[in-house]
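The values are calculated or read from the model by the stated rules, or taken from the named source; none is laboratory data. Here the structure is a predicted model, which means the values were calculated and not measured. Cβ sites come from the backbone with ideal geometry, for glycine too, and all protein chains shown count toward neighbours. Each accessible area value is taken on the protein alone, full model and side chains, heavy atoms only, with ligands, DNA and RNA left out. Shrake-Rupley method; radii C 1.70, N 1.55, O 1.52, S 1.80 Å.
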Amino acid sequence: MNYANIKFNDIANGEGVRVSLFVSGCTHHCKNCFNKETWDFDYGSPFTSDVQEKIISALAPSHISGLTLLGGEPMEPANQKGLIDFVKTVKALYPNKTIWCYTGYLYDDELLKPSRAHCPWTRELLSYIDILVDGEFKEELKDITLRFKGSSNQRIIDVQASLLMDTVVLSPYNEKKSSKFRQII
């Protein structure tokens, strides 16, 4: 697996200050994607054990809230295979830090059911993810008042509650930004 970028102090892709890993490879090709270069699975650099150790070390400070996976497409089967052991290690080392994942695949229709995205690692990978932002970015549904997502079709899912309840449980993060915040931007 390759990765395109790592942000070690990211405040845009999940709650708090996060370490964000942008994986390479995506087959969605959403119109006006903000990260088109990551569509290519060969883009960027190899996701080596040294890179993984740098991320794990960067997660240690108490001001870091957790890890965010995005890209590209973390839930492409090839990327799931490349991420599973790493995410498992992160969760074991930092059980109180959250893991967020952005995917164009739908949680209930594509990740949990037979589909191109569902593979031998999907269920286990989801078991380590706290928040999943699902659904392709849709330019015609773009809404800058939404928190942590770009278009209104996307959902912010509490994965652990969803797995427990065997239904989609939306996170409170689905609410729009406060009106006070909207006035600032």
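The listed residues V168, V23, once ranked by accessible area (1.4 Å probe) with the largest placed first, stand as V168, V23. Considering only protein heavy atoms and a 1.4 Å probe, what is the carbon-and-sulfur percentage of the accessible area of the chain? In the chain, the share of accessible area belonging to carbon and sulfur is 53 percent. Here the Karplus curve 6.51 cos²θ - 1.76 cosθ + 1.60, taken at θ = phi - 60°, turns the phi angles of the stretch 38-44 into couplings of 7, 5, 6, 5, 8, 5, x Hz, with x standing for Gly and Pro. Qualifying trypsin sites (Lys or Arg not before Pro) in the stretch 1-110, where qualification requires a DSSP coil assignment and no more than 15 other C-beta atoms within 10 Å, comprise K31.
How about the stretch 105-164: which trypsin sites (Lys or Arg not before Pro) there lie in a loop by DSSP and see at most 13 other Cβ atoms within 10 Å?
Values: sites: R116, R123, K138, K142, R147, K149, R155; in loops: R116, K138, R147, K149.
Listed in order of number, the matching sites are R116.
Annotation for the stretch 135-167 versus the stretch 1-63: alpha-carbon center distance of 19 Å. At full extension, E37 and D50 could sit 2.4 nm farther apart than now, given 0.36 nm per residue minus the alpha carbon distance. These residues, M75, M1, go from largest to smallest accessible area, 1.4 Å probe, as M1, M75. Each stretch of four or more DSSP H residues adds -39500 (n - 2.57); spread over every residue of the chain, this sum gives -7500 deg cm²/dmol at 222 nm.
Is there a quick way to get the dipole size of the chain? I mean about its Cα centre, with the Cβ of Lys and Arg at +1 and of Asp and Glu at -1; what is the value in debye to the nearest 20?
Working: 21 positive and 23 negative charges, 115 e Å.
With Lys and Arg at +1 and Asp and Glu at -1, about 560 debye.
Anisotropy class assigned to the stretch 1-86 is oblate, per the alpha carbon gyration tensor with a/c at or over the 1.5 cut-off and a/b no larger than b/c. Per residue, the accessible area of the stretch 1-115 comes to 46 Å² when a 1.4 Å probe rolls over the protein heavy atoms.
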